[in-house]
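Asker: Structure provided below as structure tokens; questions to follow.
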Amino acid sequence: MSNITELNDKLEAHSQQLKEPAGMTEKRLKAARLVDELDFPEIERSHYYRWLPLDTDNFNQPVKSQTELLPVNPSEDGAYLRTFHNEILDQYLPEELAEQGVIFTTISQAIESHAELIEKHYMTDVVALDQDKLSAHHYAYMNAGVFLYIPENVEVKNPIQLHMIQDATSQKPFNQHVLIVMEENSQASFVEKMATEGSEETPANIVIEISAKENSRINYSTIDDLSETTSAFIRRQAICDAGANVDWAIGSMNNGNVVLDAYTELRGKGSQSDLKIVSLTHGDQEQIINSHILNIGAQTAGNIFQHGAILDQSRLTFNAIGKIEKDAKNADAQQESRLLMFSEGARGDANPILLIEEYEVTAGHAASVGQIDEEQLYYLMSRGIHRKEAMRLAIRGFLGPVIQAIPLASVREELIDNIERKLRSL
């Protein structure tokens, strides 16, 4: 849209519709101006910006009614939220958690009753609106969001579930934001699922940010299953204060072209992060996984573990970046990236990077790209298993460590089913 005044009016109207405070509206307008000034985030061995569109026209299209998406009853106890774009389909927050001050709802609803928390934490520290072109674009055109707040000293025993459904019944972009704030000494497990309804070609610019205060702990698990018509940039970013722990278990099962940028900053002494990612690509899609853990505080520990399987003519790139900054004494940075290719047309790339600016540390990396082990297949086939089934078993075993890190049995089974569906092309 070339008319700046018209765009500003459109953004202001959108912000008012979401009942955002004036300060957030002003930041939207600022972010829109920055989009043209800032560069795309640099991702090693990738030219993703060639296929990632940045929509500035359709972000405020209305959401179509989805009455056929019937309510569901989660099989496990605990807080639950299911959204279709920015509309709530199902929502449940146990009374015990509400009394303790836990907040779990859409950002637009949270603004009505907790505007001060949103203004304090929304893209102010973990992700900055002027971080790069895509962060500015996200702030300006964000059109769906979820807020989870765990107060100080609160331990949530049952996993908190979020199921986000992208509206691809029109060409509205999916600029989803998930904001998670873990106050001091809080604990929770968070399970997220992301899927698509509809078949229109749509871009997505998604941000998940986690603020982990002192001695807090969150186990974050997700299954990303966006459609083949969705081209997406998914940014997952966390900052850990002293003694905090953020563990990620990510199943990147998207069907279109996707960049997953996962970054954890171990800012405080003794903070830790374990980043586990599995990915399975198929068809002619391209997927880039960019994992980065930054050790700033002393005695911090970061571990990156990535396994990927590549089918058909698809391409999968793993970047693993571990950086230990000066004065991060006794820090530890470990990483492992392994890719298996299951066809002649498959392409894989593993790029391990260690940047160390301190002497008193430990660090290590391992990376491999190759075809499936024929001896392993032969062993399975010698037990009477057909070759295709042997390949399926090999892939499931290869991806198993992340599957087992997901706390909910039903979600683990869903990830396994997702893998099985993609393996039908073998």
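Asker: Restricting to segment 178-195, what's the tally of residues that are buried (at least 24 other Cβ atoms within 10 Å of the Cβ) and within 26 Å of ASN254 (Cβ to Cβ)?
Answerer: Residues that pass the stated criteria total 5.
Asker: Limited to segment 344-380, what total is found for residues that are out of contact with any Asp or Glu (no Cβ under 6 Å at 6 or more places or on another chain) and assigned to a loop (DSSP other than H, G, I, E, B)?
Answerer: 9
Asker: Still on this structure, I have one more. Return the pairs, sorted by first residue and then second, in which the second residue is among the charged types (D, E, K, R) and outside any strand (DSSP E or B), the first residue lies in segment 310-327 and is in contact (Cβ under 8 Å) with a residue 12 or more places away in the chain and within 26 Å of GLY370 (Cα to Cα), the beta carbons are less than 6 Å apart, and the residues are 6+ apart or on different chains.
Answerer: Final answer for the pair search is GLN313/ASP284; THR317/ARG45; ASN319/GLU44.
Asker: Out of curiosity, is SER368 among the hydroxyl-bearing types (Ser, Thr, Tyr) and under 22 Å from LYS276 (Cα atoms)?
Answerer: Against the criterion (among the hydroxyl-bearing types (Ser, Thr, Tyr) and under 22 Å from LYS276 (Cα atoms)), SER368 qualifies.
Asker: While we're on this one: Where residues in segment 219-249 are among the β-branched types (Val, Ile, Thr) and in contact (Cβ under 8 Å) with a residue 40 or more places away in the chain, which of them is surrounded by the fewest Cβ atoms within 10 Å (Cβ to Cβ)?
Answerer: Ranking the qualifying residues of segment 219-249, first place goes to THR229.
Asker: Still on this structure, please answer the following. Looking at segment 126-173, which of the residues that are of a type in the set (A, V, I, L, M) and assigned to a strand (DSSP E or B) is nearest to SER189 (Cα to Cα)?
Answerer: Per the criteria, the residue is ILE160.
Asker: Anything in segment 1-30 that is in contact with a helix residue (DSSP H, G or I) (Cβ under 7 Å, 6 or more places away or on another chain), part of a helix (DSSP H, G or I) and either among the hydrophobic types (A, V, I, L, M, F, W, C) or modelled with pLDDT under 85 (or both)? List them, or say none.
Answerer: Selection gives LEU7, LEU11, MET24, LEU29.
Asker: Related question: Residue under question is ARG383, and the condition is that it be out of contact with any Asp or Glu (no Cβ under 6 Å at 6 or more places or on another chain), modelled with pLDDT under 85 and not acidic (Asp, Glu); does it hold?
Answerer: For ARG383, the condition - out of contact with any Asp or Glu (no Cβ under 6 Å at 6 or more places or on another chain), modelled with pLDDT under 85 and not acidic (Asp, Glu) - is not met.
The values are calculated or read from the model by the stated rules, or taken from the named source; none is laboratory data. For clarity, every value in this text was computed on a predicted model and none was experimentally measured. Please note: Cβ atoms are built from the backbone with ideal geometry, for glycine as well, and neighbour counts cover all protein chains shown.
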